[in-house]
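Have a look at the structure below before the remarks.
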Amino acid sequence: MNVNPLNIIITGGSSGIGKALVYKFANAGHRVLTTYYSNEESVASIKRQHRNVDFCQLDQGNLDSVETFTESVKAWLNLDLPLEIDTRRTVDVLINNAALGSATVIPYIQDKYNREAPANSKTFEELSDLRKKALEDEALMKVNALGPLWVTESLMPLMTKSVNSTNVRARSYSTVLFLGSVGGSTAVFPEYRASDLMSKSAVTYLSKHLAAEHIHSNIDVFCYAPGATDTEMFRKSTLEKCSNPTAFMNSMPKQRLLDPEEIADSIYALSTEKWARIFHGGVLDASLGLGTRPGLQTETTAMRQFM
C-alpha cells in the first residue's frame with residue numbers, strides 16, 4: 001500500500017486507456033474514483049479486485065449529470081478512512097479521459113435520441129441524413145470538448161490551489177491532465193470526421209487556457225496526446241474498416257500500435273512525479289512520431305481502400 005495514497009479521478013474508466021489507468025493507480029495503492037457511461041459491469045469488475053476503486057455513472061455531455069457527479073466526488077472525498085491512511089480531502093489528480101470517437105458516437109446518439117425524443121416524433125432511423133450527422137457532430141463537441149470543461153471547472157474548487165499551502169504533506173499541488181489525440185491535438189487528418197478532430201483540438205486549447213489561468217496556482221495542467229492505440233474505439237473507427245489491418249499496423253511508426261498499458265505507465269509518472277510539474281501548459285505528443293508524419297496513417301494502400 002502506498003504510504004500517502006492520492007485521490008485520483010479518472011473519467012471513462014470502463015475500457016481502453018481509462019481502464020489501464022484505473023488499474024495502474026489502484027495497483028500502486030491510490031484511491032481511485034472512475035466513471036462509466038453504460039458499461040457498469042466493467043468498472044464493477046475492477047472494484048471487485050480493488051477495494052480502493054469506486055465508480056459512478058457520468059454522461060459528461062449532460063450538465064445535470066456533471067452536477068450529480070460533482071456531488072458524488074464531494075461525498076467520496078469525505079469517506080471515512082483508516083487512521084493510518086492520510087485523510088486529506090482534495091482531488092490530487094484529475095484525468096479527463098472519457099470521449100467519443102467517430103464510430104462510438106453513433107450508438108451514443110441513437111440511444112439518447114430514442115430515450116429523449118418527444119412522443120410521436122420521428123424515430124432516429126426516420127431522420128434525414130443531414131440531421132443524423134448534425135446530432136452526432138453536436139454530441140462529439142459536447143462530450144469531448146464541453147464535457148471536460150464542465151467536469152474540470154466543477155472539481156477545481158476541490159483541488160490544492162494555494163502556492164503557500166501549509167499542508168505538511170509532500171504533495172502540495174494538484175494535477176489536471178487532458179487526454180487529447182494525435183488527430184486534432186498535434187496533427188491534421190483531413191480524411192477523418194471534422195467534428196471528431198475539432199473536439200480534440202478544443203481539448204488542447206482548453207488545457208492551454210486553464211494552464212494560463214493557473215500560472216500562479218498549485219494546479220498543474222497539461223494535455224497528453226497519444227497516437228494510434230490498440231483500443232476498442234480505434235478498432236471500431238479504423239481497424240474494422242480496413243481491408244488489411246496487418247498491413248495498416250505495419251505502416252505505423254515503429255510498425256506497431258501503442259499499448260494502453262504503456263500510455264498508463266507514462267501518465268502515472270506524469271501525474272505523480274514532482275519533476276513532471278515543468279510540463280505545466282504543455283501538449284505532450286505521445287504518438288511514436290505519427291504527429292510529425294501523419295500521412296503514415298493514410299498513405300498505405302490498405303487504408304486508402306476505405307477512405
Rounded to the nearest 10 degrees, the helix 194-213 long axis (Cα) sits at an angle to the longest Cα principal axis of the chain of 20
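What is the fewest-to-most order of S243, S271 by other Cβ atoms lying within 10 Å of their Cβ? Write out the running numbers ahead of the final one.
On the way: S243 12, S271 25.
By the 10 Å Cβ count, ascending: S243, S271.
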When the chain is modelled as a GNM with alpha-carbon springs shorter than 10 Å, which of S185, S251, S45 fluctuates the most? S45
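Sort T231, T35 by Cβ crowding within 10 Å, fewest neighbours at the top.
Numbers: T231 22, T35 25.
Lowest to highest Cβ neighbour count: T231, T35.
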Sorted from fewest to most neighbouring beta carbons within 10 Å, what does the list F234, F25, F222 look like? F234, F222, F25
For the range 201-239 versus the range 125-161, the gap between their alpha-carbon centres in whole angstrom: 14
Kindly express, to the nearest 10 degrees and within the range 0 to 90, the angle between helix 63-77's C-alpha long axis and the longest C-alpha principal axis of the chain. 30
Give the long-range amide H neighbours of D220: residues separated by 5 or more places, or on another chain, with amide H under 5 Å away, using H modelled in the peptide plane at 1.01 Å from N. S174, T175, V176
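Name the shape class, rounded, prolate or oblate, that the alpha-carbon gyration tensor gives for the range 119-263, where a ≥ b ≥ c are the square roots of its eigenvalues, rounded holds for a/c under 1.5, and otherwise prolate holds if a/b is larger than b/c and oblate otherwise. Walk me through the numbers on the way to the answer.
Working: a/c = 2.72, a/b = 1.44, b/c = 1.89.
Oblate, because a/c is 1.5 or more while a/b does not exceed b/c.
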Name the aspartates and glutamates eligible as straight-distance cross-link partners of K122: C-alpha to C-alpha under 16 Å, and not fewer than 8 places from it in the same chain. D111
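Values in this text are rule-based calculations from the coordinates and carry no lab data. Note that the structure is a prediction, hence the values are computed from the model and not measured. Using ideal geometry, Cβ is built from the backbone for each residue, glycine included, and neighbour counts are taken over all protein chains shown.
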